[in-house]
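The values are calculated or read from the model by the stated rules, or taken from the named source; none is laboratory data. A quick note: this is a predicted structure, and the numbers were derived from the prediction, not measured. Cβ sites come from the backbone with ideal geometry, for glycine too, and all protein chains shown count toward neighbours.
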Amino acid sequence: MAGVLSQAEIDALLNAIESDGIDSQPLDDGANQIREYDFRTANRFNKEHIRTLRIVYDNFARLFASYLSGTLRAMCSAEVMSVEETKYAEFVNALPSPLILAVVRMPPMTGSVLLEVSPDLSYAIISRLLGGKPDKESVSRGFTEIEQVLLERIMRQFLPLFGESWEKVVGITTYLDRLETSPQFAQIVAMNETVAIISISVKVDEAAGTFNICLPHLALEPISQQLTTKFLYQNSDSRQLFPMHEDIQKRIEQTPLEVSAYFNETQTSVRDILNLQTGDVISLNHAVSDPLTLRVGHLPKFRVEVGMKDRRYAAKITEIIQKEDANNE
């Protein structure tokens, strides 16, 4: 083997060491160079945090694209471009003008979170809501009060999507504090505070823009232990132990339905309907002793008696309409 020394070479090395014949100066290969380290710029979001935030907001991007497609009646797509750690001052200095900034609270996170909607995306949403097409020339002007009200309504509607995207990590609720058009009035943390910036690219038909989410490190401290993919997958595995049909049944039981009571049908002519005036009386084909039909949605389900309870109109169920009877009606 080429790496094994012979006995003669070993003896020669030992003699050289005893006679100080070996140069003991260290090799300057660049590996032992000293570098300065600034503790003020230390990374406060580790790789696990960044990876978990990426998974959470990938889920949010899918939900957000579905919401925009249904609300704007247009082909919309959203994709997370990057999850980066930076200083709040650097994020604010890079913001365009004019723009829409939403200050949002997400307990159990502390403090506030900042949502930034680029002018291109804001005007694309406004134009689509008002039945027009995005105008590139309008991006340079400010937002009117009507446009701000429209965007605020849209934001209040999609804020619950954050709760759905975070549910596998921690349960959060979202509240919109206010809407601003200048970063000067939307400062949520100190300028040198570390924040995580999630940049989402959004397309509405042919228009494209960005949607940025600014998460301060202070806001994520209460849930920092849950920001690991191991914790995320443990939660997802435990949720699969519960039968899905029970969850579906619970959601169905909480679904609101409209109920209404109807008299028996009465026939009359179109001429009589057109000549009806205030104070006219219509003769119904319904005896006083006959029960009314209670419909759930559009389906007849019960026979009821109408009365009063606690100074409100009420219906007392006297009979359940079978399926055969409902088909006959």
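Observations
- Residues satisfying the stated conditions in region 169-178, i.e. under 17 Å from the mean Cα position of the chain (by Cα) and part of a strand (DSSP E or B): Y175, L176, D177
- Close pairs from region 153-164: first touching a residue at least 40 places away in the same chain (Cβ under 8 Å), partner part of a loop (DSSP other than H, G, I, E, B), Cβ under 7 Å, at least 6 apart: L159/T174; F162/M106; F162/I172; F162/T174
- The lone criterion from (1) surrounded by fewer than 15 Cβ atoms within 10 Å (Cβ to Cβ); (2) at pLDDT below 85; (3) farther than 30 Å from G142 by Cβ left unmet by E48 is number (1).
- Residues located in region 289-309, provided they are under 12 Å from I320 (Cβ atoms), in contact with a Lys or Arg (Cβ under 9 Å, 6 or more places away or on another chain) and among the hydrophobic types (A, V, I, L, M, F, W, C): L294, F302, V304
- The single condition from (1) crowded, with 16+ Cβ neighbours inside 10 Å; (2) among the small types (G, A, S); (3) in a strand (DSSP E or B) that A219 fails is (3).
- Matching residues in region 86-105 - criterion: being modelled with pLDDT of 90 or more and over 14 Å from P183 (Cβ atoms): V104, R105
- Checking each residue in region 179-205 for being among the hydrophobic types (A, V, I, L, M, F, W, C) and either more than 21 Å from the chain's Cα centre (by Cα) or under 25 Å from R51 (Cβ atoms) (or both) picks out F185, I188, V189, A190, M191, V195, A196, I197, I198, I200, V202.
- Residue within region 149-165 that is of a type in the set (G, A, S), assigned by TED's automatic domain parsing to the domain that holds R51, over 17 Å from the mean Cα position of the chain (by Cα) and not in a strand (DSSP E or B) present: no
Here's the yes/no breakdown for (1) more than 44 Å from the chain's Cα centre (by Cα); (2) modelled with pLDDT of 85 or more; (3) surrounded by 10 or more Cβ atoms within 10 Å (Cβ to Cβ); (4) not in a loop (DSSP other than H, G, I, E, B):
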position	(1), (2), (3), (4)
E265	yes, no, yes, no
S283	yes, no, no, no
A287	yes, no, no, no
P300	no, yes, yes, yes
E305	yes, yes, yes, yes
T318	yes, yes, yes, yes
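- Search result, residues across region 293-308 that are more than 15 Å from N264 (Cα to Cα) and of a type in the set (A, V, I, L, M, F, W, C): V296, M308
- Condition check for F158 on (1) closer than 26 Å to K87 by Cα; (2) modelled with pLDDT of 90 or more: one failure, at (1).
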